[in-house]
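Below you'll find the structure, written out as structure tokens, and then a few comments.
Nothing in this text is a laboratory measurement; each read-out follows from the coordinates by a stated rule. What you are looking at is a predicted structure, and each value in this text was computed from that prediction instead of being measured. Every residue, glycine as well, gets a Cβ built from its backbone with ideal geometry; the counts of neighbours run over all protein chains shown.
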Amino acid sequence: MHPDMDPKALQAFSRGYVRIQREASRKLNVRAADGLFSNDLEGLRVQLQELPGMDPEAVENVMAQLTRPVDKGAVTRAKHRALLDESLRVQMPDGTVTTLAELLLEEDIGKLMASYNRTMSGQVALAQVRVEKVIDGQRHVLIDGLAGPGALENKLQKMAAVADEIDQPQAALMKDQRHIEALHKGTAGVPLYDESTAFAQALRLLREYGLARVGGQLGFAQIPEIGAIFTAGFKAAMAGMPSYRAFVRDARTGRLKDGFAAEIESVFGRGAERIRTAGDWRLSTEGEWGTAFEMSPRMRKIETALGVAKRVTMEISGLNALNTLLHRWSTSAVLHWFSRVASGEATTSVQRLRNMGLTDAMAERVFAQMRKYRTLKGNSTFKLERLSLDQWDDLEALAHFEHAVHVRGSRMVQSNSPGLFAPWMSHPVAKTVLQFRTFVIGAHSKQMLHNIHMWDRESLTNFLGSMVAGQLGHVAQTVANAPMLSEKQLEERLSLQGIAMGGFQRVGMVALLPLMVDTVARAFGQPGVFNSRSTDQTSDVWFGNPTTGLLDDIPKAMHAITAPFSDGRPMSRGEVRAILRPLIWQNTLPMTTLFGLMSQGRPDTARSTAP
């Protein structure tokens, strides 16, 4: 029931709404549909009067509800909602009986949670946007919040007014406005392109299948970022490292018993990505929320199954667990770095402070608040037991401090943001081609260009630490995949050159370099130079994604099935591996163990025994 509408009027309006919607779907009574679904209020009133059971009082009651003032700045997900009986049983034209929830509502709690958090966190971030300009020592606020479509439209109109004053070309103005709109939508979680078409839905399902197919070892891709955490300094990094005992205890109970860790998660949200984004924060820029799906019941079941497979992949690959650990560790290391600077035990360059959005005066205010309200462990001069951010009395310093922690933490353990990507990269085709590539694209500016610009001790520490950790990750993944590799492949990957190249490829600061090198090499018919991707995909731009890789793997799997019979020989290890590659979870560690058992005693390559 709608709480603000008369039940009798609601029933009559509902019957008429369903009838007109059914007629409109069959291209009948278009005039009634225009009146009911457009902004023509007089036409709406006429159509309501023509509905059976709608007396003048009921018409006025419905009009009052449908035409009450709407705040243009309001967020859709935060608006007043009608109350629905989810258990209402509905008989379909084919005779089957279903419920209102199954027919119309999304019941996947994980998707709903991610959708709500994505939208509302974006709106909160937009509401906090503040742009100031200092003129003659006076601070003038240019932008104070961008939440909701109304605020954006207002700023776009002001852009047009200023462009007219300075005679900016119309084409340049429209380009700037498109960029602002793209950033606004990206922050709010609104798709830039239509994701409800059959083509877009098919590509999205292929991407989800590809993630579940080749993402079984994504946890190894996170290991190099351990080295970046030490850019906060060895003491801060070690002080922020979670203990193994606490990690196991919290994993077992599902709760953070340590008060400092709980404060970090509640204030900064880092470490809670599994809940906030359903584990897809680093791999893709796409938003799987807010789109209308027009799928058959069978396709809906496929979509649900792939969603489950994707979440399972995130868990068994170790990606979720390692990302949670790294985000908590990096945030704690940043906070301990701030604590050391506040205690006078560490220093930082002016350009690093500016990069975090801190002026000298604001940095001193932040350090003063930290010295005043922090609680230290035992006799330590910097190890934190509590930050007590809820007690800080300088709220402006608190806001700048939270922003600074986010900026530095998101570089240590890279978190992508909408501003790192061109709008065309959100197109369904581009997202398919660039799947698993958004990290290196974001790293081009967030890691490589940033650290080249800074080029200080922290930049060098970042590169060397990530290089060493990346080499360890390369060796660990190679050993874990030993059952799938031939002796020659093992020897190549564990050689000094193989370890060096594998570690280099995994460093965030090298960004697009391996991709560009291998794309050029393959264009001239040469084999790729880099072969240490955690997904085991090629490194070139066109064929290094799961979708085009699947198109190549399926024919190879069919040939691997038929060739041994036609040649009269036993199946080789390579052919067993080719058969498994198109399958979901084919490169998870349990599957590699199964492959090792299946291929015992088989030759590495095919050897024909036919006469």
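For segment 119-218, just say rounded, prolate or oblate: build the C-alpha gyration tensor, square-root its eigenvalues into a ≥ b ≥ c, call rounded for a/c under 1.5, and beyond that prolate if a/b exceeds b/c, oblate if not. Since a/c reaches 1.5 and a/b is larger than b/c, the shape of segment 119-218 is classed as prolate.
Ranked by the mean number of other Cβ atoms within 10 Å per residue, highest first, peptides 169-175, 126-132, 537-543 order as 537-543, 126-132, 169-175.
Which of rounded, prolate, oblate describes segment 546-599, given a ≥ b ≥ c as roots of the alpha-carbon gyration tensor eigenvalues and a/c under 1.5 marking rounded, otherwise prolate only if a/b is larger than b/c?
Working: a/c = 3.57, a/b = 1.18, b/c = 3.03.
Cα axes put segment 546-599 in the oblate bin.
A simple spin-label model places the labels of Lys8 and Tyr116 3.7 nm from each other, with each point 7 Å out along Cα-to-Cβ. Residue separation of Ser87 and Ser495 scaled by 0.36 nm, minus their Cα-Cα distance, works out to 140.6 nm of gained length. How much FRET efficiency would the formula 1/(1 + (r/R0)^6) give for Val97 and Ser196, where r is the Cβ-Cβ distance and R0 is 25 Å, rounded to 0.05? The value I calculate is 0.35. Straight-distance candidates among the lysines for linking to Lys8, with alpha-carbon spacing under 30 Å and chain neighbours fewer than 8 residues away dropped: Lys27, Lys79. Quick check: pseudo-label points 7 Å beyond the Cα along Cα→Cβ at Leu173 and Arg300, how many nm apart are they? Roughly 4.7 nm, to one decimal. Simple spin-label estimate for Val468 and Thr253 gives 3.4 nm between the two label positions (7 Å along the Cα-to-Cβ direction from each Cα).
Close amide H partners of Leu376, meaning residues 5 or more places away or on another chain with modelled amide H under 5 Å apart, are Glu385. Helix content alone sets the calculated 222 nm mean residue ellipticity of the chain: runs of n ≥ 4 DSSP H residues at -39500 (n - 2.57) each, divided across all residues, give -18000 deg cm²/dmol. Each Lys or Arg adds one and each Asp or Glu takes one away; over the other residues whose Cβ falls under 14 Å from the Cβ of Leu580, this sums to +3.
Could you give the length gained on full extension between Ala523 and Arg457, defined as 0.36 nm per residue of separation minus the Cα-Cα distance, in nm?
Numbers: separation 66, 0.36 × 66 = 23.76 nm, distance 3.79 nm.
That works out to 20.0 nm of additional length.
Could you calculate the FRET efficiency of Ser343 with Arg139 from 1/(1 + (r/R0)^6), where r is the beta carbon distance between them and R0 is 35 Å, rounded to 0.05?
0.70
Using a cut-off of 14 Å between beta-carbons, work out the net charge of the residues near Gln526 (Lys and Arg +1, Asp and Glu -1, Gln526 not included).
Numbers: positive: Arg522; negative: Asp518, Asp540.
Residues close to Gln526 contribute a combined charge of -1.
Extension gain for Arg352-Leu594 works out to 82.2 nm (0.36 nm per residue, less the C-alpha to C-alpha distance). On the basis of the beta-carbon distance and an R0 of 22 Å, Val407 and Lys235 show a calculated FRET efficiency of 0.55.
Which one, Gly259, Met598, Gly271, is farthest towards the positive end of the dipole of the chain when Lys and Arg carry +1 and Asp and Glu -1 on their Cβ? Of Gly259, Met598, Gly271, it is Met598.
Take the residue pairs Lys155/Lys185; Lys235/Lys257; Lys301/Lys556; Lys185/Lys301 and return only those whose Cα atoms are more than 20 Å apart. Correct reply: Lys235/Lys257; Lys301/Lys556; Lys185/Lys301. For Thr99, the residues whose modelled amide H falls within less than 5 Å of its own, excluding neighbours fewer than 5 places apart on the same chain, are Val90. Let a ≥ b ≥ c be the square roots of the eigenvalues of the Cα gyration tensor of segment 447-524; is it rounded (a/c under 1.5), or, if not, prolate (a/b larger than b/c) or oblate? Oblate, because a/c is 1.5 or more while a/b does not exceed b/c.
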